[in-house]
């Protein structure tokens, strides 16, 4: 039985990845900060029905000695580093914390693996936000980075450090440059879930409006369930490498909102309010990924369209909110 250690196991990707690996017969360990409360810790894993099967390990990306002990005790075959301060807007208010967790945390995790499990295969969660002020209309593994937020800057550090450890210490270390991926497990602070939750509330008569900032920003949205498959596929390759994971389709926030409101039979124009305070200090206007390398080398293809994903998220939010009543 192969062992996998997942940081950020309580997040959206960590939960779906846990489910995937458990279904493949892995023994799954999840690294969780001691400060995480029980309800936050268990929510997403319970939603997928795998909470009792994931072995929780106390640890923090900022504490190297604890990471070393965890890796020494578990002896993982695969390590997936998904943990981060991942909300872009917050990174301007907490740039130092974001840099420590999202950037230096990668260094700590790589060091723990290098010292205690150099034969383990390592996955780093990189981000399309690294492309920022895009240098090419379609972004691939060869597109230069131009980060536009403290979060993206920290992600660039973690990405290049992963490449450096691969080349310096011969670690089987790969990075997935994942474009936006969503699901019913997405945090409420992210725009897709903010939209689906608000639309569900408006439909149920619990709210009247949805407040957003720049609705003309465009993103390449996929489903997290599809994207965690790509993570696993990367670590099954003979040689480590970096891959863009995307759908190859870009859509505006405006169009995403329209589909969300149409799903429940409401008009977006009756409920959407543009709030200037919600605009980012430096916007990433368009992201569009080229997943051809992942398709050709991994055999990976997205299975869920962004429209079906939004509909699934709305249905889940309607159920959540109806149960509370």
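For residues in the range 128-144 being crowded, with 20+ Cβ neighbours inside 10 Å and assigned to a loop (DSSP other than H, G, I, E, B), which is modelled with the highest pLDDT? Restricting to residues being crowded, with 20+ Cβ neighbours inside 10 Å and assigned to a loop (DSSP other than H, G, I, E, B), the top hit is 131. Criterion first (in the same structural domain as residue 86 (by TED's automatic domain parsing), surrounded by 21 or more Cβ atoms within 10 Å (Cβ to Cβ) and at pLDDT below 95) does residue 33 satisfy it? Judged against the criteria, residue 33 is not a match. Tallying residues that are surrounded by 14 or more Cβ atoms within 10 Å (Cβ to Cβ), over 19 Å from residue 194 (Cβ atoms) and free of Cβ contacts under 8 Å to residues at least 40 places away in the same chain within the range 261-304 yields 1.
Just checking, which of 202, 245 is touching a helix residue (DSSP H, G or I) at 6+ places or on another chain (Cβ under 6 Å), touching a residue at least 60 places away in the same chain (Cβ under 8 Å) and buried (at least 18 other Cβ atoms within 10 Å of the Cβ)? Answer to the check: 245. I need the full set of residues from the range 80-97 which are within 15 Å of the chain's Cα centre (by Cα) and modelled with pLDDT of 90 or more, in order please. Those that are within 15 Å of the chain's Cα centre (by Cα) and modelled with pLDDT of 90 or more: 80, 81, 82, 83.
For (1) modelled with pLDDT under 95; (2) farther than 21 Å from residue 218 by Cβ; (3) in the same structural domain as residue 87 (by TED's automatic domain parsing); (4) not in a helix (DSSP H, G or I), each residue gets a yes or a no:
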| position | (1), (2), (3), (4) |
| --- | --- |
| 232 | no, yes, yes, no |
| 254 | no, no, no, no |
| 259 | no, no, no, no |
| 262 | no, no, no, no |
| 266 | no, yes, no, yes |
| 293 | no, yes, no, no |
| 309 | no, no, no, no |
| 313 | no, no, no, no |
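Taking the numbered list (1) surrounded by fewer than 17 Cβ atoms within 10 Å (Cβ to Cβ); (2) modelled with pLDDT under 95 in turn, residue 65 passes all entries but (2). Determine, yes or no, whether residue 228 is crowded, with 19+ Cβ neighbours inside 10 Å, farther than 21 Å from residue 132 by Cα, modelled with pLDDT of 95 or more and in contact with a helix residue (DSSP H, G or I) (Cβ under 6 Å, 6 or more places away or on another chain). Yes; evaluated as a whole, the condition is true for this residue.
Residues in the range 141-170 that are within 23 Å of residue 239 (Cβ to Cβ) and either out of contact with any helix residue (DSSP H, G or I) (no Cβ under 7 Å at 6 or more places or on another chain) or without any contact (Cβ under 8 Å) to a residue 24 or more places away in the chain (or both): 142, 143, 145, 160, 163, 164, 166, 167, 168, 170. Given the conditions (1) assigned by TED's automatic domain parsing to the domain that holds residue 44; (2) part of a helix (DSSP H, G or I), and given that residue 175 satisfies all but one, which numbered condition is not satisfied? With respect to (1) assigned by TED's automatic domain parsing to the domain that holds residue 44; (2) part of a helix (DSSP H, G or I), residue 175 is out only on (2).
Sort through 107, 125, 84 and tell me the only one that's surrounded by 15 or more Cβ atoms within 10 Å (Cβ to Cβ), farther than 26 Å from residue 220 by Cβ and not assigned by TED's automatic domain parsing to the domain that holds residue 194. Reasoning before the result, please.
Working: 125 fails: farther than 26 Å from residue 220 by Cβ; 84 fails: farther than 26 Å from residue 220 by Cβ.
Going through 107, 125, 84 in turn, the sole match is 107.
The values are calculated or read from the model by the stated rules, or taken from the named source; none is laboratory data. This is a predicted model, so every value here is computed, not measured. Every residue, glycine as well, gets a Cβ built from its backbone with ideal geometry; the counts of neighbours run over all protein chains shown.
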